Amino acid sequence: MVLIISINVILRTVTVKLITWIGYDTYSEQMTRIINGVFIVLFFNTGILLLLVNANLNDISSLLGNLFNGRFYDYSPQWYVTVGDALVQTMLLNAFMPPIFEAQNSALTWLG
């Protein structure tokens with residue numbers, strides 16, 4: 001969970017810096033691109049990647065089975081305990097991270 005959030009912070013920062021570096025004609029267009037880019041990157045890292053790492057896709061194809069050889073063939077009570085719990089905890093932490101970062105940035109601006 002901490003690793004996913006750390007990677008999310010890095011991906012968010014890189015995405016914002018890249019889109020800012022590219023530049024757009026208007027501020028609203030740039031903010032739209034930043035919001036969409038951050039959403040796509042964080043959605044993939046938090047949701048899809050967590051599901052794929054734990055999925056066992058041997059029944060689908062041998063190639064996918066070699067790539068994704070996790071513990072779970074299907075949703076089961078054990079899946080909800082391990083993967084579902086990690087997913088919910090990560091989403092809860094991600095929900096509270098923006099206010100924490102904003103408070104930290106405000107405090108640093110006020111002090112310095």
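Observations on the model:
- Considering residues of the stretch 78-93 that are within 15 Å of the chain's Cα centre (by Cα) and in contact (Cβ under 8 Å) with a residue 24 or more places away in the chain only, the residue farthest from Gly47 (Cα to Cα): Leu93
- Test: residue in the stretch 71-81 that is among the β-branched types (Val, Ile, Thr), surrounded by 12 or more Cβ atoms within 10 Å (Cβ to Cβ) and modelled with pLDDT of 80 or more: no
- Qualifying position, being out of contact with any Ser or Thr (no Cβ under 9 Å at 6 or more places or on another chain), β-branched (Val, Ile, Thr) and modelled with pLDDT of 90 or more, among Val14, Val9: Val14
- Only one of Leu42, Leu64 that is farther than 24 Å from Leu11 by Cα and part of a helix (DSSP H, G or I): Leu64
- For Asn58, the criteria (1) over 19 Å from Leu3 (Cα atoms); (2) of a type outside the set (Ser, Thr, Tyr); (3) part of a helix (DSSP H, G or I) hold in every case but one, which is (3).
- Residue match in the stretch 5-25 (condition: touching a strand residue (DSSP E or B) at 6+ places or on another chain (Cβ under 7 Å) and on the phi < 0 side of the Ramachandran plot): no
The values are calculated or read from the model by the stated rules, or taken from the named source; none is laboratory data. Everything numeric here is computed off the predicted structure, so don't read it as measured data. Cβ sites come from the backbone with ideal geometry, for glycine too, and all protein chains shown count toward neighbours.
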